[in-house]
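These notes concern the structure reproduced below.
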Amino acid sequence: DAKTTQPTSMDCAEGRAANLPCNHSTISGNEYVYWYRQIHSQGPQYIIHGLKNNETNEMASLIITEDRKSSTLILPHATLRDTAVYYCIVRPLGWRDDKIIFGKGTRLHILP
Amino acid sequence: KAGVTQTPRYLIKTRGQQVTLSCSPISGHRSVSWYQQTPGQGLQFLFEYFSETQRNKGNFPGRFSGRQFSNSRSEMNVSTLELGDSALYLCASSLGQGSGANVLTFGAGSRLTVL
């Protein structure tokens, strides 16, 4: 069973910020939140990850709520090339019986 | 540095045959995981290897197996192919331990068609 819940699809206007939510209400204290995206027929690409603090890199920002039960991936200025399926997953850092569950992700459409 | 390399990229098999797919991870990565992707089921976890040992396994029948070699390269095998095994098979590598241990780098995939 998926440990995360994401909307099936979202639209965003080109140039605007795309905010993709993810619910992970059963997250454990040692589990990190990871975001990946998959552009059609390619392998998924890592975007960002975090534990409890907000994170930012050259691709995106990750906002994790204080209770860690949800997070939001922010693409600050969406372009047509950001059209993809976005996956949010949670995984512990250490050794553990840990099936890597991607779920169905959010299909993001960037509108010109 | 070179990315994750999967071979072959495309292959066609018939029902009942078996297939072996190969994955060469990024240099220094000790963990390799495998996934099956189909339009209906999405991206599903098959198994993960670290230092030649299977660390985790998804909910797939025993026809799906894998192994990892001492150089971290991995292979997966599907025996007695069924039509439903037609899919994109992806592998990903990661450091497997330490900071950034679980950041996955994916290959381009091997697209298997079973006739």
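The values are calculated or read from the model by the stated rules, or taken from the named source; none is laboratory data. All values reported here derive from a predicted model rather than from experimental measurement. Glycine gets a Cβ as well: all are built from the backbone with ideal geometry, and neighbour counts include every protein chain shown.
Of the listed requirements (1) within 25 Å of B:Glu48 (Cα to Cα); (2) touching a Cys at 6+ places or on another chain (Cβ under 7 Å), A:Ser71 misses just one: (1).
Among the residues that make up the stretch A:55-66, is at least one of them small (Gly, Ala, Ser) and either touching a residue at least 60 places away in the same chain (Cβ under 8 Å) or not in a loop (DSSP other than H, G, I, E, B) (or both)?
To start, the set of residues in the stretch A:55-66 that are small (Gly, Ala, Ser) comprises A:60-61.
Filter once more, keeping what is either touching a residue at least 60 places away in the same chain (Cβ under 8 Å) or not in a loop (DSSP other than H, G, I, E, B) (or both): A:61.
Looking for residues that are small (Gly, Ala, Ser) and either touching a residue at least 60 places away in the same chain (Cβ under 8 Å) or not in a loop (DSSP other than H, G, I, E, B) (or both), one finds at least one in the stretch A:55-66, hence yes.
Can you work out which of the residues in the stretch B:85-100 that are in contact (Cβ under 8 Å) with a residue 24 or more places away in the chain and not in a strand (DSSP E or B) is farthest from the chain's Cα centre (by Cα)? Full working, then the answer.
Filtering the stretch B:85-100 for residues in contact (Cβ under 8 Å) with a residue 24 or more places away in the chain gives B:85-97.
Now narrow it down to the ones that are not in a strand (DSSP E or B): B:85-86, B:95-97.
Values: B:Asp85: 13, B:Ser86: 14, B:Leu95: 16, B:Gly96: 16, B:Gln97: 19 Å.
The selected residue is B:Gln97.
Please identify the pairs in which a residue from the stretch A:68-82 that is touching a residue at least 12 places away in the same chain (Cβ under 8 Å) has its Cβ atom under 6 Å from the Cβ atom of a residue that is among the hydroxyl-bearing types (Ser, Thr, Tyr) and surrounded by fewer than 13 Cβ atoms within 10 Å (Cβ to Cβ), counting only partners at least 6 apart or on another chain. From the stretch A:68-82, the pairs are A:Lys69/A:Ser25.
Of everything in the stretch A:25-57, what is under 15 Å from A:Tyr86 (Cα atoms), within 13 Å of the chain's Cα centre (by Cα) and not charged (D, E, K, R)? Give them in sequence order. Working first, answer last.
Step one: list which residues in the stretch A:25-57 are under 15 Å from A:Tyr86 (Cα atoms), which gives A:33-49.
Retained after the next criterion (residues that are within 13 Å of the chain's Cα centre (by Cα)): A:33-38, A:44-49.
Passing the criteria: A:Val33, A:Tyr34, A:Trp35, A:Tyr36, A:Gln38, A:Pro44, A:Gln45, A:Tyr46, A:Ile47, A:Ile48, A:His49.
Of all the numbered requirements in (1) touching a residue at least 24 places away in the same chain (Cβ under 8 Å); (2) more than 14 Å from chain B (Cβ to nearest Cβ); (3) in a loop (DSSP other than H, G, I, E, B); (4) of a type outside the set (Lys, Arg), A:His109 misses one, and that requirement is (3).
In the stretch A:55-66, the condition of being farther than 21 Å from B:Val103 by Cα and surrounded by fewer than 18 Cβ atoms within 10 Å (Cβ to Cβ) is met by at least one residue. When B:Gln54 is tested against (1) away from chain A (no Cβ under 13 Å); (2) at pLDDT below 95, exactly one condition is not met: (1). Which residues, taken from the stretch B:47-80, are within 18 Å of B:Ile26 (Cα to Cα) and outside any strand (DSSP E or B)? Answer for the stretch B:47-80, where residues must be within 18 Å of B:Ile26 (Cα to Cα) and outside any strand (DSSP E or B): B:Ser51, B:Glu52, B:Phe69, B:Ser70, B:Asn71, B:Ser72, B:Arg73.
Surrounded by 19 or more Cβ atoms within 10 Å (Cβ to Cβ), of a type outside the set (Val, Ile, Thr) and either part of a loop (DSSP other than H, G, I, E, B) or touching a Lys or Arg at 6+ places or on another chain (Cβ under 8 Å) (or both), is that true of B:Ser27? Spell out how you get there, then give the answer.
On the way: surrounded by 19 or more Cβ atoms within 10 Å (Cβ to Cβ): no; of a type outside the set (Val, Ile, Thr): yes; either part of a loop (DSSP other than H, G, I, E, B) or touching a Lys or Arg at 6+ places or on another chain (Cβ under 8 Å) (or both): yes.
Criteria not met by B:Ser27.
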